[in-house]
1. Cut-off under 19 Å on the C-alpha distance; same-chain residues fewer than 8 positions from Lys75 excluded. Which aspartates and glutamates are left, in chain and number order?
2. For the pair Ile47 and Ala89, how long in nm is the line joining their label points, each one 7 Å along Cα→Cβ?
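Laboratory data are not the source of any read-out in this text; all were calculated from the coordinates shown. The shown structure was predicted, so the numbers you read here are calculated from the model rather than taken from an experiment. FYI the Cβ positions are ideal-geometry reconstructions off the backbone, even for glycines, and counts take in every protein chain you see.
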Amino acid sequence: MSNFTHALALYDMAGQVDRLRFQLRTLPPAPAIPAVDSVSARVEDLIGITSAVSAQIKHCLSDLMSGEPTKAALKAYSNALAPLGEALAELGRMHAEIAHYNLTTHPAHRGSPSDLEVPRQEVNEMVSVCCETADEILEVAAIELRDAAVKLMPSPSRLQPGTPGRALRAGSALPSLPPTPPAVTPRVAKSR
């Protein structure tokens, strides 16, 4: 794989991590307790990202002889794997706390709402801490992936001169563009 291909793959992975961070921020804030289903969906998203990073590591290891870009990508994916695992542990802790509250604590104190206040506050604190910690950890992973992509991206000076602006030859395989209509300018009111 070329530098450019590795860089695009790293940018894409960083984008997936950033999307997950955004989705975590859309969970309802305290005093509301997020639904178990929405937290489960975020856990599944993170498992998918972690599996994709693991697959990229495996791919890089099988293609290690292809040169420095592959080694740089392998290092970036490997460095991102630990933070992704830590973030997964935080989301798992948050999921377990919410599930325990919903299945055990809440039904036990349904008849006396005053007894629910302390457990509810504890769950809210745990969810907030886990969410913030996971967000910070995921930010580290995204930065790691993005920085590696920037290093692998070819600089404009290394691109071949004239390639992007080269004129098309007659008989080119590209379809011709339709003629552009004349520009329409707004009429200016005549002053009297």
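1. Asp12, Asp63, Glu86, Glu139, Glu144, Asp147
2. Going by the 7 Å Cα→Cβ label model, 1.9 nm.
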